[in-house]
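Structure first, commentary second.
Just so it is clear, none of the values below were taken in a lab; they were calculated from the coordinates. These numbers were taken from a predicted model, which means no experiment stands behind them. Virtual Cβ from ideal backbone geometry, glycine too; neighbours counted across all protein chains shown.
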Amino acid sequence: MPNGPVLRLQGITKTYPGVVANDGVDLEVAGGTVRGLLGENGAGKSTLMKVLFGMTRPDAGTIEVEGVERRFRSPADAIAAGIGMVQQHFSLVPDFTVAENLVLGSEPRVRRLFIDRRRAVSEVQALADRYGFRLDAGARVADLAVGARQRVEILKALHRGARILVLDEPTAALAPQEVVELFTVVRSLQAQGCTIILITHKLPEIVANCDEATVLRDGAVVGTRRLEDHERVPGPERDALEADLARLMVGRALPDPPARASTSGGPALSLVGVGDGERVGPLDIEVRAGEIVGVAGVEGNGQTELIELVLGVRRCRSGHIVIAGRDVTRLPVGQRLRQGVAHIAEDRHAAAVASDLSVADNCALGHQDRPPLARSGGRLSASGVQRFAADVVARYGVRTPSLQATVAQLSGGNQQKLVVGREVARRPAVMIAAQPTRGLDVGATAFVHQELVDLRDAGCAVLLVSLDLSEVLAVADRIVVMRGGRIVGEGRPDELDELTVGAWMTGTSEVPA
Amino acid sequence: MSTVIVPPVETPPPKGGRPPATAALVGRHGVRTVVLFVGTALAALVVAAPIIAIAGANPLDAYRALFEGSLGSQRGLAETLVATTPLLVAGLAVSVAFRGGLFNIGVEGQLVIGGLVAGTIGAQATLPPVVHVVVAMAGGAAAAAAWALIPALLKAYRGVHEVITTIMLNYVAFALSTYLVSPGGLLVSKTQPSATEKVKDTAVLPRVWAPTRLHAGIFVAGALVAVTWWFLFRTRAGYRLRMVGGNPTAARFNGIDPRRVTVQTMCLSGALAGLAGAIEVLGVHLRYFDSFSPGYGFDAIAVALLGAITPVGVAASALFFGVLRSGSVLLQARAGVSRDMITVISGLVVAFVAARVVLERRLSRKEPR
């Protein structure tokens, strides 16, 4: 039902100390359309959505919903106005059923004291069926796959009366089949008159699914573009469109995708029958020098444990791990690192940086025991640390107020650049890159990919573990697929397509709904 | 070696070379730290004023008495420094533990153990001058470190929270030391009940400002400030300690064994606490008296918090608490306010420091992504 704008943001400005996050953003979204919101990290997407959802108040600007000007003091106000948001991280109670999660806070009662579970289930099931959601209202959320949990989140927003739905990076954690299903859901919502705002930095998703795309850069709208149906078909027109949008986002043309490896050397990392006796293995993986092996898989299928096994953080109960010709199965972390292992952690806050320590201190991590940072007698060279950190910061374009600033003051993308820079500076023989581009924008992602390729070309063995299948397909020279802690498929990217790999990732049977 | 395809955007390459030493000395944001320090101390004094009024005295008179008593005379000044010394060393003990991610509430117990062992070595051993006092202090430090080893091992290898174990070991330390100097106890003096024998002259920290009680311990404390700073910021062991305190998992993934560092940190903290007790016994009391410490180890927590756990900050805040402590005598005598009022003030300091943490978190949450 095309009609006037249901949502109009005018002159939204939000400044934080030192940074203008939103600079007079105007956004008009027509009812019943799907709007894509594109932008690099720090472009102001999140701030804009926080403003829209009442999580932060703008310094200037107005919000109109369905022609009525609104002032949101909290998300509750935004929900009351018919705005729903599905965040990247779900807020569901795992031990509750789908129905219980939905009615939480407004439960149907029996004699005011008891919850009418039967009515809750039937109400929710009716809602799910109305929108054509494949969901069992009586199922426990903990038993659902990620895609199904996301549908629960969407349904929760609808249940609260959302007519404008904001999806923040909805495909980040989904398997390919789940992505397909998500966009089926989006279209059926659209058909029923919902307006959808889709935030993502995956260009193909925008191009395939949105009616219009708005690009933000440096806190301002740099362009809004209608997408025509003929542009969605794969072909030169679509390529040109994607290149256009990418250029708008980054402000410059993107480099070509990196070339594949031509030759590879001897094995640099080999796992033979390796397992931890519970969640992963036994499995065999070999990575040769000058080769990138991509590990694909749905989250929680043993990838984290695999990395911990290779690094020596998790005890290896079976098999052997050989790094650069040396059996390291029984060696502690430090000695493995000295064998030439570097590690880009999948969760940098958990395993890579200390947020309250300075940029300089964090750059030095893992380098502190070698000259020029180390000095004789157990001393640490302050000037060495400073010079080294300055080098990492300059070489990798880490935007930081100073080397003494804490890492918490940096944006996520800059923190990641710091980690990548620090680890590449080890000149590793084996690089374990776990989700190295999670949360990074297009420019930074291309940068990290290029770093990995450069490492490979310099003869490093790279083990790339990623939940983003397109990343694995784009960068790896060889792909292995993990499911249930084991290797279930292997091949070269030019022999494989997303759907084959997707089927390996999720197993032969369908995803449980 | 690598081509940078995303060039650094508007980032002037930070200057290499030597970092400003002062920045590390007073924390990363020097001026801000000083302002916060003074602000917190003043806020505590201001809020304490109505409480003093309720207690029936004029707050202005009370504060005048407090500062005259602590800073207004040679004797007052000396007493201030005497009170500062154990607070400073014990404050360093707390702050080293904080840096390593540990909350050592057992400083008081470790201080008692350190004082007892130092007093015993001072009284029983026969050694040449200088050597004797050094050995006595080292013995006190070592004994307290061993005492701290128990919670350290429990924390590192069994995951028992150090707050629980250190608090409990405080009571063990109090009871054990009391028992040892009770009638018939192993270490009790023949002439003085509830104390060890007087330490020999060779083991005494000499007085340095006759006729006051100010002793050489203040110089030891000052040296410990410098050594602690150097250790934390200029050695690899100090770096590991700070990194484990900052993020033990990240440390572990980078080849640092957080368990070993945790044990080292707690023992180092214990050793400093033991030194605080040893200095107090060898410099002021000249023998170990049962419950000689009026709670230095607990005040040290407030000292460390107010000092933002940097060594120089700890020195400044120890001085502040030293002023309160030595001024409290005149506060009671002249203004008629109970000495316990300084406990109220130090409690307020802790409350304001805690509030400050919340405030800072609020401020930093506003920072953009």
Quick test of the membrane-span-like rule: which DSSP H helices of chain A reach at least 15 Å along their long axis (C-alpha atoms) with mean Kyte hydropathy at least -1.0?
A:117-130, A:146-159, A:176-191, A:236-250, A:382-395, A:412-424, A:442-457
Treating the beta-carbon of each Lys and Arg as +1 and of each Asp and Glu as -1, no other charges, what is the dipole magnitude of segment A:352-427 about its Cα centre, to the nearest 20 debye?
280 debye
So how tilted is helix B:258-280 from the main axis of chain B? Cα-based, degrees 0 to 90, rounded to 10.
30 degrees
Tell me the Rg and the Dmax, in Å, that the Cα atoms of segment A:379-513 produce.
18.0, 59
Highest mean first, what order results for B:253-260, A:337-344 on Cβ atoms within 10 Å?
A:337-344, B:253-260
Taking A:Ile115, A:Ile164 and counting other C-beta atoms within 10 Å, the order from fewest to most:
A:Ile115, A:Ile164
Cα centroid distance between segment B:132-205 and segment B:34-63, in Å?
36 Å
Could you tell me the distance between the Cα centroids of segment A:357-421 and segment A:82-156, to the nearest Å?
46 Å
Quarter of Cα convex hull surface for segment A:185-236, i.e. mean projection, nm²:
4.5 nm²
Filter the cross-link list A:Lys50/A:Lys417; A:Lys14/A:Lys202; A:Lys14/A:Lys45 down to pairs whose alpha-carbon distance in this structure exceeds 19 Å.
A:Lys50/A:Lys417; A:Lys14/A:Lys202
Just to confirm the number: angle between the C-alpha axis of helix B:30-54 and the first principal axis of chain B, 0 to 90 degrees, nearest 10?
50 degrees
Determine Rg/Rh for segment B:182-242; Rg is computed over alpha-carbon atoms and Rh is the Kirkwood hydrodynamic estimate from the same atoms.
1.23
When averaged across all projection directions, what area in nm² does the alpha-carbon convex hull of segment A:91-160 cover?
4.3 nm²
Within 10 Å, count the other beta carbons around each residue, average over each peptide in A:223-236, B:146-159, and list them highest first.
B:146-159, A:223-236
Cross-link candidates for B:Lys198: which aspartates and glutamates have Cα within less than 17 Å, leaving aside residues fewer than 8 places away along the same chain?
B:Glu280, B:Asp290
Quote to one decimal, in nm, the extra length available between A:Glu495 and A:Asp229 on full extension: 0.36 nm per residue of separation minus the C-alpha distance between them.
92.8 nm
Using the crude model of +1 on Lys and Arg Cβ and -1 on Asp and Glu Cβ, and no other charge, please compute the dipole size for chain A relative to its Cα centre, in debye to 20.
1600 debye
By how many degrees, between 0 and 90 and to the nearest 10, does the Cα long axis of helix B:74-99 differ from the longest principal axis of chain B?
50 degrees
Volume per residue (Å³) of the convex hull spanned by the alpha carbons of chain A is 168 Å³
17 Å Cα-Cα reach of A:Lys156 towards aspartates and glutamates, excluding residues that sit fewer than 8 places from it in its own chain:
A:Asp77, A:Asp95, A:Glu100, A:Glu107, A:Glu123, A:Asp129, A:Asp136, A:Asp168
Taking a crude spin-label model, label points 7 Å out from Cα along the C-beta direction, the B:Ile51 to B:Thr126 distance in nm is 5.3 nm
When the charge dipole of segment A:91-160 is computed with +1 at the Cβ of Lys and Arg and -1 at the Cβ of Asp and Glu, the Cα pointing farthest to the positive end, of A:Leu127, A:Phe96, A:Gly138, is that of A:Leu127
With the Cα gyration tensor of segment A:94-209 in hand, give its eigenvalues times 5 under a square root as the equivalent ellipsoid semi-axes, listed largest first in whole angstrom.
27, 15, 11
Taking every alpha carbon pair in segment B:245-369 and sorting the distances into 5 angstrom bins from 0 up to the bin holding the longest one, the percent per bin comes out as 2, 8, 12, 15, 17, 16, 12, 7, 5, 3, 1, 1
Specify whether the C-alpha gyration tensor of chain B places it in the rounded, prolate or oblate class, a ≥ b ≥ c being the square roots of the eigenvalues: rounded for a/c under 1.5, otherwise prolate if a/b is larger than b/c and oblate if not.
oblate
Shape parameters for the protein assembly as shown, alpha-carbon atoms, Rg then Dmax in Å:
32.3, 104
Whole-percent tail of the Cα-Cα distance distribution for segment A:1-128, cut at 19 Å, equals 60 percent
Per principal axis, largest first, the Cα atoms of segment A:352-427 extend in Å by 36, 25, 19
